[in-house]
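Read through the structure below, which is laid out as structure tokens, and then see the notes.
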């Protein structure tokens, strides 16, 4: 309409001051501001879907997959404007390893082996704990060193070897691994227990253990625990019961970490997506 009639005439008919109209027109968001607003809404949605854990690099990957490519710098700017941020890893970790035993330990083989090129070539395992109002809940997990996928886990109120064995049985049942998988752990008493060693031997897994007092030999597990504690916030939250804590572990590993959480070391794919992509590549190459 303003293209057909003078602005002042239209303002007079509508009882609007021309100066007020011009201020309103100048204040309207331009194309860039409108695009930022739409992108910010998408960013907020993906940040919420990540349970508030993703920073700009992972959000950018989500946007790319959704058909909205953008730069990490722009994404970070729009996240800051909304008060959104990724969770930082908490490096503090409790002591769960008791290597004060007289049982024989295995050599550290993991450093001398080639980097895994497929699933079920090398597994890593460790134990951490969660605080609840009922007392401690201990969590043992086994990680595939290639895909970073949690292939087995178990919870228990004690640090007995039965906890580690339950996680190992879970991994064996899920993966049905071939003989020769390298099983790497620290020197904790759980991993030198006679029944645990017998289960490894029966399954055809090869034992490997970190050097004494060297947490870097099992850095992948240390990194997983740091990510787990940071993402879930369970280090700062006292859950009411051990059952509640176990359900939180299940929810994180089975519905978020394995199928959805992006890893920078995996090209920003989740462990499940990384394994599925490899299977697809193998089919295409066959």
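The values are calculated or read from the model by the stated rules, or taken from the named source; none is laboratory data. Owing to the predicted nature of the structure, the values given are computational and were not obtained by experimental measurement. All Cβ positions, glycine included, derive from the backbone under ideal geometry; neighbour counts span all protein chains shown.
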Inset, instruction - Name the single residue, out of those in the range 195-220 being assigned to a helix (DSSP H, G or I), in contact with a helix residue (DSSP H, G or I) (Cβ under 9 Å, 6 or more places away or on another chain) and touching a residue at least 60 places away in the same chain (Cβ under 8 Å), that is nearest to residue 256 (Cα to Cα). - result: 218
Legend entry - Scan of the range 47-66 for residues that are more than 14 Å from residue 83 (Cα to Cα) and assigned to a helix (DSSP H, G or I), ordered by number: 49, 57, 58, 59, 60, 61, 62, 63, 64, 65
Legend entry - Selected residue [modelled with pLDDT under 95, surrounded by fewer than 20 Cβ atoms within 10 Å (Cβ to Cβ) and part of a helix (DSSP H, G or I)] from 162, 223: 223
Inset, instruction - Among the residues of the range 227-247, count how many are in contact (Cβ under 8 Å) with a residue 60 or more places away in the chain and either closer than 13 Å to residue 153 by Cβ or over 13 Å from the mean Cα position of the chain (by Cα) (or both). - result: 11
Inset, instruction - Just give me the residues in the range 248-272 being free of Cβ contacts under 8 Å to residues at least 12 places away in the same chain and assigned to a helix (DSSP H, G or I), in sequence order. - result: 250, 251, 254, 255
Inset, instruction - Answer yes or no: is there a residue in the range 275-282 that is buried (at least 18 other Cβ atoms within 10 Å of the Cβ), in contact with a helix residue (DSSP H, G or I) (Cβ under 7 Å, 6 or more places away or on another chain) and at negative phi. - result: no
Legend entry - Number of the condition not met by residue 263 [criteria: (1) farther than 20 Å from residue 140 by Cβ; (2) within 11 Å of the chain's Cα centre (by Cα); (3) modelled with pLDDT of 95 or more]: (3)
